[in-house]
1. Taking the Cα atoms of the chain alone, what are Rg (to one decimal) and Dmax (as a whole number) in Å?
2. Calculated FRET efficiency, residue 113 and residue 356, Cβ-Cβ r, R0 30 Å, to nearest 0.05?
3. Is the range 136-229 rounded, prolate or oblate when judged by the Cα gyration tensor, a ≥ b ≥ c being the square roots of its eigenvalues, rounded requiring a/c under 1.5 and prolate requiring a/b larger than b/c?
4. Given a 10 angstrom Cα cut-off, can you work out which residue in 421, 161, 348 is the most mobile in a GNM of the chain?
5. Grab the Cα-Cα distance for residue 140 and residue 125, subtract it from 0.36 nm times how many residues apart they are, and report the gain in nm with one decimal.
6. Just to confirm the number: angle between the C-alpha axis of helix 183-194 and the first principal axis of the chain, 0 to 90 degrees, nearest 10?
7. Which of 246, 280, 394 ends up with the largest GNM mean-square fluctuation for the chain, with Cα atoms connected below 10 Å?
8. Compute a Gaussian network model of the chain, connecting alpha carbons closer than 10 Å, and tell me which residue from 364, 225, 288 fluctuates the most.
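Rule-based calculations on the coordinates, nothing more; no lab input. The shown structure was predicted, so the numbers you read here are calculated from the model rather than taken from an experiment. In this analysis, Cβ positions are derived from the backbone assuming ideal geometry, glycine residues included, and neighbour counts consider all displayed protein chains.
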């Protein structure tokens, strides 16, 4: 349905109303102002939605340790475990000029101290259990030219548990999670350093390759984030003259590229179980008129405008001067445990879902889908708004048959497990809406 409106000169604003309510207002440049010009409000253009799944996401160098698991009622079983390498700033336990005092140094205990980043997802009232294991493989990416780890990367580790802890997360608190590790492991590391059997980085990483922390809770309901300031803490003492001095040696993540999160999703039995390869898509018509996005696992939403080229036949001369796409989260798919994020990232991609770049303004600034948080009784106003006028104009006048799509992801796609469900044009309660302002001249 096309709707014509005579151009108004007052304040150079064009306003239009349709059956869905106020269509909004926007500024028209002076080049388009003419008595014979008309502005068409087009609000019935087809918009296709689908769910896609990227092969892998880089999760190293993201500055977040992400651990936990939960059963998502829509997406399936989500799990994250973290791999990392720790190193000290020096390889000595003491700075004495001679080793004559060495017998006076004794091992006390060893702990893994995890410092919370305040990121969490899911129900934090449920108990979480972590287990810590020693790696048997160095934290080094596979492949000659590869410098990154991905959400599907793994390393081999010793199944023996060095230490474990069960707790109810308090992610907004200031407390760290301290996990006491095996005294045998701690004593062995202490003796290596005390006897100068480890004197440099290569010797240290050959002996202690790193750790993996896994969530072992059978019925956990949350994933928790920790800072890279977390540390392996060796406690020891110096005894002299009937007194003792307590000492600490920290081993930390000095290189963020040596830490990554393995994030998996078991989709069995869910509506998105049959997601195809990354170069294809799963239409929203096959998934309950909904599209899906999830950080960490590579699930994203694709939006297509199949008939956009038809607009150029409306008039001999015409152009899209503005367009707004409003995408709505599906009712009851979000809650306090699964909150909505303030914005979505918007990318431009080809038909094989290969990213060409972010959707940008004319000045090169990335355009985000911004959440309108003003709710009403039926949550009809809650939605993400995207300015797509320039993108659609470019697609409309393109001389080739190639079409670009928009790909929507969550902002923290590489270091979180947030998710969202969006309605398509045939969704009963949360329809995607497109309003195009087209001017003829």
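1. My reading of the Cα-based Rg and Dmax gives 28.1, 100 Å.
2. Details: r = 43 Å, r/R0 = 1.44.
FRET efficiency, residue 113 to residue 356: 0.10.
3. Numbers: a/c = 1.98, a/b = 1.25, b/c = 1.59.
Here the range 136-229 falls in the oblate category.
4. Judging by the Gaussian network model, the answer is 161.
5. Details: separation 15, 0.36 × 15 = 5.40 nm, distance 3.62 nm.
Computed gain between residue 140 and residue 125 is 1.8 nm.
6. Computed tilt is about 80 degrees.
7. Greatest mean-square fluctuation among the candidates belongs to 246.
8. Of 364, 225, 288, the most mobile in the Gaussian network model is 364.
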